[in-house]
Amino acid sequence: MAPFLLFTLGLAFVGNALTARAGQEGATASIARADGIKLRKCLGTTKKVPTKWPSDNDWDVYAATYNIRVPVTPAAIAVPKTVQDISNALFCADQNGFKVQAKSGGHSYASFSSGGVDGALVIDLQNFQSVIVDSKTGIARVAGGIRLGNMATALYKQGKRALAHGTCAGVGIGGHFTHGGYGFTSRAWGLAMDQIVGLDVVLANGTSLYATSKQNSDVYYGMRGAADSMGIAVNFYLQTQAAPSTVVNFNVDISDAMQSTDSAVAAFLTIQDFVHNKNSKAVDRKLAFSLSLQWNQFIISGTYLGTLKDFNANIKPAMVKGLPNPSVQARELDWLSSLKDLNDDKPLEISSPYKDQSNFFAKSDVNFAAFEHRTGLWVAQHYAYVDNDADFPGEGIDYINNLNDALSQGVPGYQAYENYVDPTLSVTEAHNLYYGPSLYRKLKALKAKMDPKNLFSNPFSV
Ligand SMILES: Cc1cc2nc3c(=O)[nH]c(=O)nc-3n(C[C@H](O)[C@H](O)[C@H](O)COP(=O)(O)OP(=O)(O)OC[C@H]3O[C@@H](n4cnc5c(N)ncnc54)[C@H](O)[C@@H]3O)c2cc1C
Ligand SMILES: *[C@@H]1O[C@H](CO)[C@@H](O)[C@H](O)[C@H]1NC(C)=O
């Protein structure tokens with residue numbers, strides 16, 4: 001696997017906005033109501049699947065999207081307790097003409113786990129939380145609705161095991177592990193997705209199967225990159241690692257570089273040279289970092305899977321060489337303390353109901369994606385947010401799009417990252433950037449086999 005590093009370009013907008021949210025009333029409301037009654041009868045009376053409806057008192061808690069900027073209202077939210085409930089929910093959706101999306105952590109940038117457009121049946125996996133590590137093989141069976149922080153804590157409690165994944169504890173396994181997934185340990189252990197050795201999947205027709213590289217291998221392939229279009233992962237079988245006994249979390253502030261464009265570019269190129277230097281003993285898979293450019297700050301932050309003594313002696317001097325006035329902070333931590341620190345020092349274990357939200361727009365330039373695109377050096381993310389109670393300004397979208405265009409023009413053949421799904425793309429653009437034409441054709445053929453009636457649907461699904 002090629003080294004990849006995160007490169008975040010951030011911009012924060014705070015304040016009142018000019019744009020109003022588009023109303024979502026449709027002329028088809030009465031038809032939808034009639035179908036809704038049939039759906040309710042099927043889920044509630046015939047199949048007895050636990051389900052939340054818009055008239056329920058706690059509907060808003062279940063229906064809230066993480067991204068406030070992209071509100072989407074489902075027809076209903078099934079909250080299954082068993083795999084049979086999931087199968088029954090799929091049956092009811094199919095019988096009554098509803099589209100389906102699974103919801104795990106709900107962190108989709110485009111609210112795809114709420115359907116992406118109004119009127120879908122959401123299958124909320126919050127009852128699917130178990131984590132069991134096989135001490136002989138180190139393979140963990142992890143249920144498809146757990147959040148990363150809860151998963152990491154449970155793994156560590158069972159023999160100090162660990163996985164590579166993103167830094168935000170509230171993100172769910174279901175979207176993150178099936179559409180890529182990376183964090184600082186990904187340079188050592190791979191993408192979150194690369195650790196999947198098997199999957200229990202519920203298919204569109206309600207049957208369940210176990211998929212690996214040898215058994216039902218086409219399902220295994222399609223679920224690792226296009227699960228939103230293919231099936232519902234109820235259990236992940238994941239190859240865990242021994243958690244490192246010490247991790248160094250570091251920040252290097254080089255904000256002096258922000259005095260001019262030239263000095264910022266020079267600092268970036270110095271870092272890129274450091275990363276590229278094959279003779280450097282400092283760059284190995286134990287070292288990973290991201291660059292964050294926000295306001296007038298330029299910060300390198302990351303982790304080193306080793307001791308502070310080693311970091312100070314061997315890594316730090318090479319890493320900061322040639323950078324303007326670097327100010328280094330580094331701490332040696334145990335595994336869970338390192339993860340908590342990366343989660344803005346907020347607790348890793350999160351209980352229901354989950355209340356965090358954000359009001360944002362982001363897009364990515366990347367040279368790796370869920371399947372083939374793995375040779376790139378950087379992942380760039382452009383991210384803007386406003387206060388939760390503000391309307392997101394149209395200028396914010398333009399600004400981020402322009403920033404992204406400026407960067408991608410210098411990167412021939414750039415791709416985008418599905419886990420940073422950008423709802424302002426056209427469908428064709430999305431398929432080209434996330435998959436590319438030949439992979440898209442392959443996935444389309446697989447979709448025709450696995451989900452011929454297109455039950456698993458969102459605006460960019462295959
Ligand atoms: C605050 C924040 C921090 C983030 N940090 C990182 C990071 O460090 N690294 C990184 O790589 N990404 C990061 N991301 C992006 C993140 O990986 C994606 O948003 C991811 O898809 C979220 O997973 P989820 O289960 O929470 O999403 P959901 O919104 O629940 O689901 C996303 C998509 O996956 C589908 N899906 C969910 N569960 C299943 C399932 N069990 N089976 C089949 N399909 C399913 C949904 O239908 C939907 O289409 C971050 C996002 C946010 C909002
Ligand atoms: C369900 O779909 C799968 C995948 O297409 C297929 O192999 C299986 O036979 C189907 N099961 C039923 C009961 O139709």
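Any read-out appearing in this document is the output of simple, stated calculations on the displayed coordinates, not a laboratory observation. Small disclaimer: the values here were computed from a predicted structure and weren't measured. Cβ coordinates were reconstructed from backbone atoms using ideal geometry, including for glycine residues, and neighbour counts include every protein chain displayed.
Its Cα centre serving as origin, segment 36-124 has a Cβ charge dipole (Lys and Arg +1, Asp and Glu -1) of approximately 220 debye. In this simple spin-label model, placing a label point 7 Å from the Cα along the Cα-to-Cβ direction at both Asp262 and Leu377 gives a separation of 2.2 nm. All other residues whose Cβ lies under 14 angstrom from that of Asn216 are scored, Lys and Arg at +1 and Asp and Glu at -1, for a net of +1.
When peptides 288-294, 184-190, 213-219 are sorted by average Cβ neighbour count within 10 Å, with the highest value leading, the order is 184-190, 288-294, 213-219. The slack between Ala406 and Gln95, meaning 0.36 nm per residue of separation minus the straight C-alpha distance, is 107.2 nm. Beyond a 22 Å Cα-Cα separation, which of these cross-linked pairs lie in this structure: Lys157/Lys316; Lys52/Lys99; Lys281/Lys309? Going by Cα-Cα distance, Lys157/Lys316 fall outside the 22 Å limit.
Between Ile397 and Gln357, the FRET efficiency from the beta-carbon distance, with R0 = 22 Å, is close to 0.70. Among the cysteines of the chain, Cys168 have no other cysteine beta carbon within less than 4.7 Å of their own.
Applying 1/(1 + (r/R0)^6) with R0 = 56 Å to the Cβ-Cβ distance of Lys453 and Lys321 gives a FRET efficiency near 0.45.
From a point 7 Å beyond the Cα of Ser438 in the direction of its Cβ, which residues of segment 395-424 have a backbone N at a distance under 19 Å? So the set is 412-416.
3J(HN,Hα) couplings calculated from phi for segment 154-167 with the Karplus curve 6.51 cos²θ - 1.76 cosθ + 1.60 (θ = phi - 60°) are, in sequence order, 5, 5, 5, 5, 9, x, 6, 8, 8, 9, 7, 6, x, 8 Hz; Gly and Pro show x. A simple charge model with +1 on the Cβ of Lys and Arg, -1 on the Cβ of Asp and Glu and nothing else charged puts the dipole of segment 131-242 at about 420 debye relative to its Cα centre.
Taken along the Cα-to-beta-carbon direction at a fixed 7 Å, the label points for Lys214 and Thr45 span 4.9 nm.
If you take all other residues with their beta carbon under 15 Å from the beta carbon of Ala318, and give Lys and Arg +1 and Asp and Glu -1, the sum is +2.
With the contact rule set at Cα under 8 Å and sequence spacing of 6 or more, what percent relative contact order holds for the chain?
Over the chain, the number comes to 21 percent.
Counting only Cβ charges, +1 for Lys and Arg and -1 for Asp and Glu, the dipole size of the chain around its Cα centre is about 1680 debye. For segment 223-323, trypsin sites (Lys or Arg not before Pro) meeting the loop criterion (DSSP other than H, G, I, E, B) and having at most 14 other Cβ atoms within 10 Å: Lys278, Lys281, Arg285, Lys321.
Under the 0.36 nm per residue contour assumption, what length would be gained going from the current alpha-carbon distance of Asp56 and Arg331 to full extension?
Separation in residues times 0.36 nm, less the Cα-Cα distance, equals 94.2 nm.
Working from label points 7 Å from Cα in the Cα-to-Cβ sense, the Asp273 to Val427 distance is 4.9 nm.
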